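Below: the structure, in structure tokens.
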Amino acid sequence: MKRPDLQQSAPANDAISYSGYRFPPDVISYAVWLYYRFPLSLRMVEELLAARGIELTYETVRRWSVTFGLGIARRIRSTALARGDKWHLDEVVVTIKGRKHWLWRAVDQHGAVLDVLVQSPRDRHATKRLMRKLLSKQGRAPRVLITDKLRSYAAANRDLGLNVEHRQHKGLNNRAENSHQPTRVREKVMRRFKSARHLQRFTSVHDQVANLFMHCRYNTNAQEKRSARTQAFEAWEGVTGHSMLDRLAAR
């Protein structure tokens, strides 16, 4: 049985175009998948592809990740069913060129990342921007909002007129805090992010790809794990419009 949160097709009028590229679409989508799915540098992806006889430069991988990443993330978001109604919000500091930025992240009760937003301030106005983005993308207010004790959250809720249950306790927000860990790992691999725009673009794609494959790790037995992984691969093929390179070779 298919998991209810993975749809296998994307809107036909929003298809990703690979025309004009020297490499076939399955190679491009495979390279983008490697880069966003695993903690690999661009040069590592270049070597993995070279081991399969695909000779290209890491700069080519970077351009593919920029060109196709956000489009793939939008299609993953559009094909996913409604997320949970309990939102965990948290912010973490990221230093870029000696300047502090705050990476705000919202996660539902199932661990799926709802959205991310990079901002310099950490006040009620920054929190309101995050909440407005979430309300716009999700199309509804949460049933429960869980945050740490930062006062800006409560102030933003009052400004927006939100009448939801708001639990402010650091111990309750481990789900959101843990969701920052993969970003920290990638920050080390990439030797820090180059700009706030770079951080926003990368996390916007990375978190949506992680959402697609999140059920592949936590299963009670090997059969369920393989089934979840197969469905995730099929969903990836649906949003990119082409089969995975390895799966093509195995067929």
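The values are calculated or read from the model by the stated rules, or taken from the named source; none is laboratory data. Remember, predicted model here, so these are calculated numbers, not experimental data. Methodologically, a virtual Cβ is constructed for each residue, glycine included, from the backbone with ideal geometry; neighbour enumeration extends over all protein chains shown.
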For the range 8-22, check the following and say yes or no: at least one residue is crowded, with 19+ Cβ neighbours inside 10 Å, over 28 Å from Ser195 (Cα atoms) and at pLDDT below 95.
yes
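Given Val118, Val205, Val107, Val185, which one is in a helix (DSSP H, G or I), of a type outside the set (Phe, Trp, Tyr) and surrounded by 15 or more Cβ atoms within 10 Å (Cβ to Cβ)? Talk me through it step by step, then tell me what you get.
On the way: Val118 fails: in a helix (DSSP H, G or I); Val107 fails: in a helix (DSSP H, G or I); Val185 fails: surrounded by 15 or more Cβ atoms within 10 Å (Cβ to Cβ).
After ruling out the rest, the residue left standing is Val205.
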Which of the numbered conditions does Lys188 fail, given that it passes all the others? Conditions: (1) within 23 Å of Val205 (Cα to Cα); (2) in contact with a Ser or Thr (Cβ under 8 Å, 6 or more places away or on another chain); (3) not polar (S, T, N, Q).
(2)
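Do you know which residues across the range 105-126 are of a type outside the set (Lys, Arg) and under 16 Å from Ser136 (Cα atoms)? Outline the logic, then answer.
If we filter the range 105-126 for residues that are of a type outside the set (Lys, Arg), which is where we start, we get 106-121, 123, 125-126.
Result: Ala106, Val107, Asp108, Val113, Leu114, Asp115, Val116, Leu117, Ala126.
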Identify, please: which residue in the range 125-144 is out of contact with any helix residue (DSSP H, G or I) (no Cβ under 9 Å at 6 or more places or on another chain), in a helix (DSSP H, G or I) and of a type outside the set (D, E, K, R) and is, among those, surrounded by the most Cβ atoms within 10 Å (Cβ to Cβ)?
Leu134
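Which residues, taken from the range 139-184, are basic (Lys, Arg) and either over 29 Å from Ser78 (Cβ atoms) or assigned by TED's automatic domain parsing to the domain that holds Val92 (or both)?
Going residue by residue through the range 139-184, those that are basic (Lys, Arg) are 140, 143, 149, 151, 158, 167, 170, 175, 184.
Within the range 139-184, Arg140, Arg143, Lys149, Arg151, Arg158, Arg167, Lys170, Arg175 meet the criteria.
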Among (1) in contact (Cβ under 8 Å) with a residue 12 or more places away in the chain; (2) in contact with a strand residue (DSSP E or B) (Cβ under 7 Å, 6 or more places away or on another chain); (3) under 18 Å from Arg184 (Cβ atoms), Asp115 falls short only on (3)
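Select from the range 31-88 the residues that are in contact with an Asp or Glu (Cβ under 7 Å, 6 or more places away or on another chain) and farther than 30 Å from Glu165 by Cα and write down the one among them that is surrounded by the most Cβ atoms within 10 Å (Cβ to Cβ).
Here is the first cut: in the range 31-88, the residues in contact with an Asp or Glu (Cβ under 7 Å, 6 or more places away or on another chain) are 56-58, 61, 75, 80-81, 83-84, 86-87.
Narrowing the set further to residues that are farther than 30 Å from Glu165 by Cα leaves 56-58, 61, 75.
Values: Leu56: 17, Thr57: 11, Tyr58: 16, Val61: 24, Arg75: 22.
Among residues in the range 31-88 that are in contact with an Asp or Glu (Cβ under 7 Å, 6 or more places away or on another chain) and farther than 30 Å from Glu165 by Cα, the one surrounded by the most Cβ atoms within 10 Å (Cβ to Cβ) is Val61.
His101 - would you say it is in contact with a Gly (Cβ under 8 Å, 6 or more places away or on another chain), farther than 30 Å from Tyr18 by Cα and either of a type outside the set (Val, Ile, Thr) or part of a helix (DSSP H, G or I) (or both)?
So His101 fails the test.
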What are the pairs with Cβ atoms under 9 angstrom where one residue, in the range 174-189, is more than 13 Å from Leu89 (Cβ to Cβ) and aliphatic (A, V, I, L, M) and the other, located anywhere, is part of a loop (DSSP other than H, G, I, E, B) and at pLDDT 80 or above? Sequence gap at least six, or different chains.
Val185/Pro39; Val189/Pro39; Val189/Leu40; Val189/Ser41
